[in-house]
Amino acid sequence: MRRADAAGETEEPSPLGLVVRDSRFPLRHDSNYLLVERSATGAEIAAELTRLELPVATVPDETMLLDVAGAEVSHRGVVMVHRRRVPTSAREAAQVGREALEPLRRKLTLAYPWGSPEVADQLLAAKRVIEERVPTRFFASLEDGAVAAGTDLYVDPPDAQIEDVATEPEFRGRGHGTAVVVTALAAARNAGADFVFLVADAEDWPKEWYAQLGFEPVGQYVKLRAPTAAP
């Protein structure tokens, strides 16, 4: 994750760990955050975020968090790895260009309470930079010629990450999400990656769907924000 989706333009030390920033994408939290590398309290982390003027802190191991008081949990993520045979899919997905997925991703970003045209622009622009950092492929499943689902694949053998799985709401429940995940998984294995992972929200249903596809949890992390920070 640090080599691709969670990389930044600059890094600098902090008393609590490492500061990651990218001036090109100030609204993108995965490009501007504090990586906590020692045990700390929520209050200490919130104070450091305020000092650094950063939106979030990532605690890679929740056992490092002495308590949450004084900060707010913005996200709990679970890292899931696929170690089994690649499953089958009733639908087929194909590799496409990055631009083919942009309309769907912009639409889904704008549907969130925090979404805005500016946020959508920066999230999409960051994908171009990620593509320069690591070999990246994009996959789509189509219905009647329209993109029904898509995902990114970052391949840096022996590791690979399946990221940003997205399905058009009107096409959900038709196997499109499964098609892009299975196709990306097969492509990662064919490229020589044997540690293929993705990240799911620890408090949302997709993690159960990923488990059905053969992904198993291997770790969790938590993201915190200062109480006065915007969600």
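So for the stretch 91-98 (the condition being under 13 Å from residue 182 (Cα atoms), within 20 Å of the chain's Cα centre (by Cα) and not assigned by TED's automatic domain parsing to the domain that holds residue 46), does at least one residue qualify?
Scanning the stretch 91-98 turns up at least one residue that is under 13 Å from residue 182 (Cα atoms), within 20 Å of the chain's Cα centre (by Cα) and not assigned by TED's automatic domain parsing to the domain that holds residue 46.
Within the stretch 168-190, how many residues turn out to be of a type in the set (Gly, Ala, Ser) and under 18 Å from residue 98 (Cα atoms)? Let's see the steps before the verdict.
Just the residues of the stretch 168-190 that are of a type in the set (Gly, Ala, Ser), to begin with: 173, 175, 177, 179, 184, 186-188.
Subset that is under 18 Å from residue 98 (Cα atoms): 177, 179, 184, 187-188.
Total satisfying the criteria: 5.
Just checking, does the stretch 60-67 include any residue being under 20 Å from residue 200 (Cα atoms), touching a residue at least 40 places away in the same chain (Cβ under 8 Å) and in contact with a Pro (Cβ under 8 Å, 6 or more places away or on another chain)?
Checked against the condition, which is being under 20 Å from residue 200 (Cα atoms), touching a residue at least 40 places away in the same chain (Cβ under 8 Å) and in contact with a Pro (Cβ under 8 Å, 6 or more places away or on another chain), the stretch 60-67 yields no hits at all.
Does residue 216 satisfy the condition of being farther than 24 Å from residue 85 by Cβ and either among the acidic types (Asp, Glu) or assigned by TED's automatic domain parsing to the domain that holds residue 65 (or both)?
no
What pairs come up if the first residue lies in the stretch 188-217 and is touching a residue at least 24 places away in the same chain (Cβ under 8 Å), the second is of a type in the set (Ser, Thr, Tyr) and surrounded by 15 or more Cβ atoms within 10 Å (Cβ to Cβ), and their beta carbons are under 7 Å apart, counting only those six or more places apart or on different chains?
198/210; 200/210; 213/178
Every residue in the stretch 79-113 that is closer than 21 Å to residue 25 by Cβ, touching a residue at least 60 places away in the same chain (Cβ under 8 Å) and loosely packed, with under 11 Cβ neighbours inside 10 Å, please.
Answer for the stretch 79-113, where residues must be closer than 21 Å to residue 25 by Cβ, touching a residue at least 60 places away in the same chain (Cβ under 8 Å) and loosely packed, with under 11 Cβ neighbours inside 10 Å: just 113.
I'd like the full set of residues that are in contact with a His (Cβ under 6 Å, 6 or more places away or on another chain) and β-branched (Val, Ile, Thr), limited to the stretch 53-84.
Within the stretch 53-84, 56 is the sole residue that qualifies.
The values are calculated or read from the model by the stated rules, or taken from the named source; none is laboratory data. Please read all numbers here as calculations on a predicted model, not as lab measurements. As a convention, Cβ positions derive from the backbone with ideal geometry for all residues, glycine included, and neighbour counts pool all protein chains shown.
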